[in-house]
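Engineer: The structure that follows is given in the form of structure tokens.
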Amino acid sequence: MKIQLALDRMSIEEAAAMVRRTEPYIDWIEVGTSLIKEFGMASVEALKREFPHKTIVADMKTFDNAKYEFELCFGAGADVATVMGAAPPVTVALCVETARRMEKQVMIDLLHTTPEQQRELARHPGAIHCLHVSKDQQEGGGLRLEGAGGAEAESDDGRYGAAGGSSGSRAAAHDAAGDREGSGEGADSGPGAEGAAGLRLAAAGGITLESLPGLLALKPEVIIVGSAITKAPDPAQAARRFQELIREYAGEGRESGRPS
């Protein structure tokens, strides 16, 4: 389980300084949409140049022009780029294809997607599927992504949801896995794919130290944290605490025999 540090609403210099402070405790660096919109690919290039050993995520939120935008990101040094799950299916498929061809990864943002759309998106199991509560929802309605004990937590049948209305993706994963098995399609459709076992998950949207324990039950591969670290009085201490909580959970998982 990795920590992805989301860097938004700051300059490239401020973003790099934030990573220097928190580097020992984070795994992936997200070049946020606002950074890319304000500074272009220079923001991706700068962070990859200074932190070449870290996974760089370009949060492009691509909705069209898939091949061009993904090649742009990967050419600038990104290891992962994002596409909106609400985009036309051909756009998502082109993003997945481009990432596979360039030996990179794609993250599908499930913001404002329906269960039906999520079932279709589950046919891309090699991608990382990101449960996401938007910034506007957080700032306007006080919503946060929650797990156990929150809005639509994971249930016994494997269905789960996000506070922003995303639901049904893990059930969709099993449906899609069954379809692949019936058609003879291979389970491994990309880097790190879990195949019939389910989707690769990420979680984002106002995650705090308080909300983190409930989310861990969803077993996401990536926890995306922004202001809870970047706006903390001591960002390094906050990042370290996130890392400690995740490691504690992983340790409990090994002791109980459940996947960590």
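Engineer: Any residue at all in the range 48-71 that is of a type in the set (D, E), on the phi < 0 side of the Ramachandran plot and in contact with a strand residue (DSSP E or B) (Cβ under 9 Å, 6 or more places away or on another chain)? Steps first, please.
Structural biologist: Of all residues in the range 48-71, those of a type in the set (D, E) come to 50, 59, 64, 69, 71.
Applying the additional criterion that residues be on the phi < 0 side of the Ramachandran plot yields 50, 59, 64, 69, 71.
Okay, now just the ones that are also in contact with a strand residue (DSSP E or B) (Cβ under 9 Å, 6 or more places away or on another chain), so 59, 69.
Yes, the range 48-71 contains at least one residue that is of a type in the set (D, E), on the phi < 0 side of the Ramachandran plot and in contact with a strand residue (DSSP E or B) (Cβ under 9 Å, 6 or more places away or on another chain).
Engineer: Right, A228: hydrophobic (A, V, I, L, M, F, W, C) and in contact with a Cys (Cβ under 7 Å, 6 or more places away or on another chain) or not?
Structural biologist: It is false that A228 is hydrophobic (A, V, I, L, M, F, W, C) and in contact with a Cys (Cβ under 7 Å, 6 or more places away or on another chain).
Engineer: With the range 70-163 as the region, which helices (runs of 4 or more DSSP H) entirely inside it contain at least 1 residues that are open to solvent by 40 Å² or more (accessible area, probe 1.4 Å) and modelled with pLDDT of 95 or more? Let's see the steps before the verdict.
Structural biologist: On the way: elements: 89-101, 115-121, 135-141.
Per the criteria, 89-101, 115-121.
Engineer: So E221 clears everything in (1) over 16 Å from H129 (Cα atoms); (2) at pLDDT 95 or above; (3) open to solvent by 10 Å² or more (accessible area, probe 1.4 Å) except one condition, right? Which one?
Structural biologist: If we test E221 against (1) over 16 Å from H129 (Cα atoms); (2) at pLDDT 95 or above; (3) open to solvent by 10 Å² or more (accessible area, probe 1.4 Å), just (1) comes out false.
Engineer: Any idea which of (1) free of Cβ contacts under 8 Å to residues at least 24 places away in the same chain; (2) touching a strand residue (DSSP E or B) at 6+ places or on another chain (Cβ under 9 Å) is the one R101 doesn't satisfy?
Structural biologist: (2)
Engineer: Go through (1) surrounded by fewer than 21 Cβ atoms within 10 Å (Cβ to Cβ); (2) at pLDDT 90 or above and name the single condition L199 misses.
Structural biologist: (1)
Engineer: Kindly list, by first and then second residue, each pair from a residue in the range 212-232 that is part of a loop (DSSP other than H, G, I, E, B) to a residue that is acidic (D, E), limited to pairs with Cβ atoms under 9 Å and residues at least 6 apart or on different chains.
Structural biologist: A217/E154; L218/E154; K219/E154; E221/E194; G226/D8; G226/E30
The values are calculated or read from the model by the stated rules, or taken from the named source; none is laboratory data. In this text the structure is predicted, and so the values were computed from the model without any measurement. Backbone-built Cβ (ideal geometry, glycine too); neighbour counts: all protein chains shown. Quick note on the areas: whole protein, heavy atoms, side chains included, nothing else; ligands and nucleic acids left out. Shrake-Rupley method; radii C 1.70, N 1.55, O 1.52, S 1.80 Å.
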